[in-house]
Every structure is written in C-alpha cells, then in structure tokens.
Amino acid sequence: MSTETTVALREQVRARYAEAAKAVSAGKGGCCGDSSCCGDPSREPAFGEPLYSAAEREALPDAAALASLGCGNPTAVADLREGEVVLDLGSGGGIDVILSARRVGPSGVAYGLDMTDEMLALAQRNALDARVSNVHFLKGVIEEIPLPANSVDVVISNCVINLSTDKAAVLTELARVLKPGGRVGISDVVSEDRLSSEERAERGSYVGCVAGALSKGEYIAGLEAAGFDDVSVEFTHEVADGMHGAIVKAIRRQR
Ligand SMILES: C[S@@+](CC[C@H](N)C(=O)[O-])C[C@H]1O[C@@H](n2cnc3c(N)ncnc32)[C@H](O)[C@@H]1O
C-alpha cells in the first residue's frame, strides 16, 4: 500500500468514526447518522451493543451502550483479574474500557487508546457517567502504542485491527507492550482463508470493517511471527459471505 493510500484510508476511518461519536453525542441511535460504520445494518445484531449481556448493558450509561460499534465482546473472553493492567486498542466510546475497569477493580487500570478526538471525548464522558476512575484514555494510533514495553497484562480490542493500514506493526506493538505471558483477547472481523483481498473488498467497505479484514490464516501467522503462542481464531457469527465476527486469543511468548 502506498503512503498516500495509507494516509487517505486512515483519514477516512478517522472521519467516519468522528461522525459516529458526534451522532451518539447528539443522542442519535446507530452510527454515523443514517449510514453504518462497522458492518451491514441488515445483518444486525452482528455488530454493536446487542452482543453484550443484558446485565452488562444495564450497568452502562446509555451513551456508552449506544456508542458500541464492535463485533463481539472481548471482555467476555479475556478473563480479566483483579489488579491487572488492560489496554483496549481503538476504544471508541469506551464501553470495553468501562467494563474492564470494573473487572480489574480499583487496584487495576484500564487504558483506552484511540486516534479520534471525538471518540476520546465521548469515552471520557461515559467513564465519568459510569463512575469508574481507574481508566485512562490515550490519544494515539495502534500502530505506535504510547505505552512502555512489558507494561500490560491483557490487550483487548473490538473490531479495530481490521481498520489498521499496517497490521504487522499492530501485532508487533501488541507483543512489545505485553508482559511475557500476557494475554490477547480480541474481537475482530476475520475472513475465511478462501477469500482473496479483492473478494473481501467486494463484500463491504474498508471503513465498514470488512475490506481490511485479515484471513484466519493471516491472523494466526502474524501473531506467531510477532511472538505469540497458543494462538486461536474462532468464528462466532457471519457478517458477510465468508466473513465472520471472531474471537482471537494468544499468549505473549516468554522471552
Ligand atoms: C469500529 S470502532 C470500534 C470502537 C470500540 N472498540 C467499540 O467496540 O465500540 C473503531 C474505533 O477504532 C478507532 N481506530 C481506528 N483505527 C485506528 C488506529 N489506527 N489507531 C487508533 N484508533 C483507531 C476509531 O477511531 C474508532 O473509535
């Protein structure tokens, strides 16, 4: 991908999710006014807050639930423990950061990283409304995580890595910030190995979380090359022909 294409795609992603944050802040349901963000609205509930349990939704401010644009529930798979440090890549309106902060308790910390100012502002408001104080929202890109090496116990992410223009850099950064033995619990859109990049692009847009998806084999190989063991990618629900919401798990190899 040329530098111009990379810059243009990232700006399209940022603009789309800034619109989404403004729509939620204005009290509008759904994403980006009348258009969708991640996914095809006709396939709902493949995306968004219906993927959370009723108990989790009830414990969240309305705006946090409304702002949910993910394709799974990574907090349900990450097995978070009291006192741990959790990092959410592409934290959006903050739903998974808030749920994680409660799971790790006051002795733990939940970081949310996002590049979109409007999303960061929405997430801050949602965390205040949810009365969680062990959260920190960071501005930055997931390809260059603004945290030190070996500082995180668990990395979660919900429907964001498919939006990255440099997936190898993201996986390398995951390995850098995680402590040895640290865990990855990610929800993402993943394609079946049979689909070429062109076929993935025929099934949905890049900003809609479809065209940029890795295949299952690419995800597994990428994580293993970056320094992870026990890698698994499990399809949970179809979001387009041959494309699935998936749970991605891995353990940071001991150095
Ligand atoms: C589909 S939304 C998901 C938000 C949230 N994880 C959720 O489940 O509701 C994607 C989010 O990732 C952010 N994002 C996309 N690409 C990014 C990148 N390269 N670096 C940092 N944030 C990014 C967007 O600003 C947006 O808030």
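The values are calculated or read from the model by the stated rules, or taken from the named source; none is laboratory data. Since the model is a prediction, treat every value here as computed from it, not as a measurement. FYI the Cβ positions are ideal-geometry reconstructions off the backbone, even for glycines, and counts take in every protein chain you see. Note: areas computed on protein heavy atoms with side chains; ligands, DNA, RNA excluded. Shrake-Rupley method; radii C 1.70, N 1.55, O 1.52, S 1.80 Å.
Tell me, please, whether a residue that is over 28 Å from ALA67 (Cβ atoms) and either of a type in the set (Gly, Ala, Ser) or part of a helix (DSSP H, G or I) (or both) can be found in region 177-194. It would help to see each step written out before you state the result.
Step one: of region 177-194, the residues over 28 Å from ALA67 (Cβ atoms) are 179-181, 192-194.
Checking which are either of a type in the set (Gly, Ala, Ser) or part of a helix (DSSP H, G or I) (or both) leaves us with 181.
Yes; the residues of region 177-194 include at least one that is over 28 Å from ALA67 (Cβ atoms) and either of a type in the set (Gly, Ala, Ser) or part of a helix (DSSP H, G or I) (or both).
Reported count of residues in region 65-117, each being on the phi > 0 side of the Ramachandran plot and surrounded by fewer than 24 Cβ atoms within 10 Å (Cβ to Cβ), is 3.
Which is surrounded by fewer than 18 Cβ atoms within 10 Å (Cβ to Cβ) and touching a residue at least 12 places away in the same chain (Cβ under 8 Å), of ASP188, ASP166, ASP153? Break it down stepwise before answering.
Numbers: ASP188 fails: surrounded by fewer than 18 Cβ atoms within 10 Å (Cβ to Cβ); ASP153 fails: surrounded by fewer than 18 Cβ atoms within 10 Å (Cβ to Cβ).
Being surrounded by fewer than 18 Cβ atoms within 10 Å (Cβ to Cβ) and touching a residue at least 12 places away in the same chain (Cβ under 8 Å) holds for just one of ASP188, ASP166, ASP153, which is ASP166.
If I filter region 132-143 for residues that are at pLDDT below 95 and open to solvent by 30 Å² or more (accessible area, probe 1.4 Å), do I get at least one hit? Yes, region 132-143 contains a residue that is at pLDDT below 95 and open to solvent by 30 Å² or more (accessible area, probe 1.4 Å). How many residues does region 155-182 contain that are away from the ligand (no atom under 15 Å from the Cβ) and on the phi < 0 side of the Ramachandran plot? Of the residues in that region, 6 qualify. The residue pairs whose first member lies in region 10-27 and is within 12 Å of ASP117 (Cα to Cα) and away from the ligand (no atom under 11 Å from the Cβ), whose second member is open to solvent by 40 Å² or more (accessible area, probe 1.4 Å) and of a type in the set (Asp, Glu), and whose beta carbons are closer than 7 Å, counting only pairs six or more residues apart or on different chains, are LYS22/GLU118. One residue stands out among those in region 82-138 that are farther than 22 Å from GLU19 by Cα and in contact with a Pro (Cβ under 7 Å, 6 or more places away or on another chain): the one that is nearest to the ligand (Cβ to nearest atom), which is ALA130.
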